[in-house]
Amino acid sequence: MHIFSFSHALVRSHGHAAAPRRSAVAVAATALLAATLWSAAPQVHAQAQTAAAPAATSSPAALALQAQIDERAKAIESKLIAWRRDIHQHPEMGNLETRTAALVAEHLRQLGMEVKTGVAVTGVVGLLKGGQPGPVVALRADMDALPVKENVDIPFASKAKGVYLGKEVDVMHACGHDTHVAILMATAEVLAGMKQHLPGSVKFIFQPAEETPATFEPDGEKIWGAKQMIKEGVMQNPKVDAVFGLHASSAYPTGWIAWRPGPAMAAADQFWIDVQGTQTHGARPWQGIDPIVTGSQIVLGLQTIISRQANIGLEPAVVTVGTFHGGNRMNIVPDAVSMTGTVRTYDEGMKKDIHRRIHTTATHIAESAGTTAKVKVVELYNAVVNPPDLTAQMAPTLQRVAGKGNFGVMPKATGSEDFSFYQQEAPGLFFNLGVTPKGQDPAKAAPNHSPNFYVDESGLIFGVRALANLTVDYMLAAK
């Protein structure tokens, strides 16, 4: 993680390549209504969704498959946890996940699947053909770790080192991708064991570099992760009809499942601004052009884009400057400064408008100081938008898996995920899985990306049951 509405009449399924893409703002109104209904009357809302569920999910055949999923998941829970610990102890960063990929590929081959390796550098794709014809469901897990030094005192804590953008760093699965891989490996075993009863096929997508590659800085030209896997055909041959994914989150207690219709996670973009100055003695600043002062004015100016220019009544947005570099001595006005930052948005039109305003603000402030500013904005990930109709269809499945009182609509997250690119190819639902031990306040738990990020492994089986049941229920509804 770079870290939902129910109106069928107003909103169509998002993500079909042939369908025009709707603005996230258009979806937001119905999503807000859904969230309001949920918070005001959670029991009534849950009953309404369950009543709207396809009848196939409560048929004798469906009930038999659901029971089989639960039985098989429980039987391999110890393997699930062992896989997670092994992967956690041997983390690998983006596009370097060779050991993890080999482990996954060997497992899928042992399950009798068609397996492709080296997809988008280190990605692995397994195809499970069910015993009956039906839709193709894709399940996705990301494999990469982060340049973080682990502080958690556990026997299988990471001691790994790696190279990130040319520098040696400590490496840790600080975002839970180790759990994603283990959960999908277990889901693959569960579904492979009952493939003769599956009315459709399943693609298991193990993706590298969700957190961006460790080998290069995004520049607007190179692609990686989900986008590269899609370019290399992962959503075709056979064509995927629906895609599901999850993310382990410290924001929820163990076993809790949370999702949101419509815009759920933000688009993430990166910007670079280089301000040219004229070097001079710090005691005579009038003889030059001070890029530090000009750059500081640009930083402040950028804050007015959100606070005074963007209509955040439609959708929230964020502009943050994260780095600012310039100068090497206290009494010398340098000849240049550079800064980088991030933009988070939920609406495509708002995103483009903010990009334009960043360029206008930086260049015009620099011009007023008698100098220039070069601005570059790179779009990293689109917003994760869960199609309202697919979300409404599958919500009863997630409710059933989580159990009464263990599910809910999550707030919009300003974190981002490249799962959004799969959603542009097929309808896709992305949800959160709680991993903070019960009895501990999730608000005080170490967040994802923290060196203290901790996973309660007893919650992982809920992820297996959720992905497997989503797959089966979707297939049965289509049948």
| message | Under a crude label model (7 Å from the Cα following the beta-carbon direction), how far is Thr372 from Lys129 in nanometres? | response | 6.0
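Which percent of the accessible area of segment 198-266 is formed by carbon and sulfur heavy atoms (probe 1.4 angstrom)?
49
Order the peptides 441-450, 116-125, 240-249 from the highest to the lowest mean number of other Cβ atoms within 10 Å of their residues.
Top of the packing list down: 240-249, 116-125, 441-450.
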| remark: Whole-Å distance linking the alpha carbon centroid of segment 430-458 with that of segment 406-426 is 18
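With a/c under 1.5 counting as rounded, go ahead and sort segment 311-386 into rounded, prolate or oblate using the C-alpha gyration tensor (a ≥ b ≥ c being the square roots of the eigenvalues; past the cut-off, prolate if a/b is larger than b/c, else oblate).
Note, shape of segment 311-386 comes out prolate.
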| query | Which value, in Å², gives the accessible area per residue of segment 388-468 when a 1.4 Å probe is used on the protein heavy atoms? | reply | 31
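Which three numbers, in whole Å and largest first, are the semi-axes of the equivalent ellipsoid of segment 277-344 derived from its Cα gyration tensor as √(5λ)?
Working: eigenvalues 198, 28, 9 Å².
Over the Cα atoms of segment 277-344, the ellipsoid semi-axes are 31, 12, 7 Å.
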| What list of ³J(HN,Hα) couplings, whole Hz, do you get for segment 192-198 from phi and the Karplus terms 6.51, -1.76, 1.60, once you set θ to phi - 60° and write x for glycine and proline? | 5, x, 10, 4, 5, 9, 7
| message | In whole percent, and with a 1.4 Å probe on the protein chains, what portion of the accessible area of segment 429-479 is carbon and sulfur? | response | 50
| request: Check cross-link reach from Lys231 to the lysines: straight Cα distance under 30 Å, and skip same-chain residues fewer than eight apart. | output: Lys116, Lys129, Lys167, Lys195, Lys203, Lys222, Lys239, Lys351, Lys352, Lys376, Lys412, Lys479
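The values are calculated or read from the model by the stated rules, or taken from the named source; none is laboratory data. Note that this is a predicted model, so its numbers are computed, not measured. Every residue, glycine as well, gets a Cβ built from its backbone with ideal geometry; the counts of neighbours run over all protein chains shown. The protein model used for the area step is the full one, side chains on, heavy atoms only, and it has no ligands, DNA or RNA in it. Shrake-Rupley method; radii C 1.70, N 1.55, O 1.52, S 1.80 Å.
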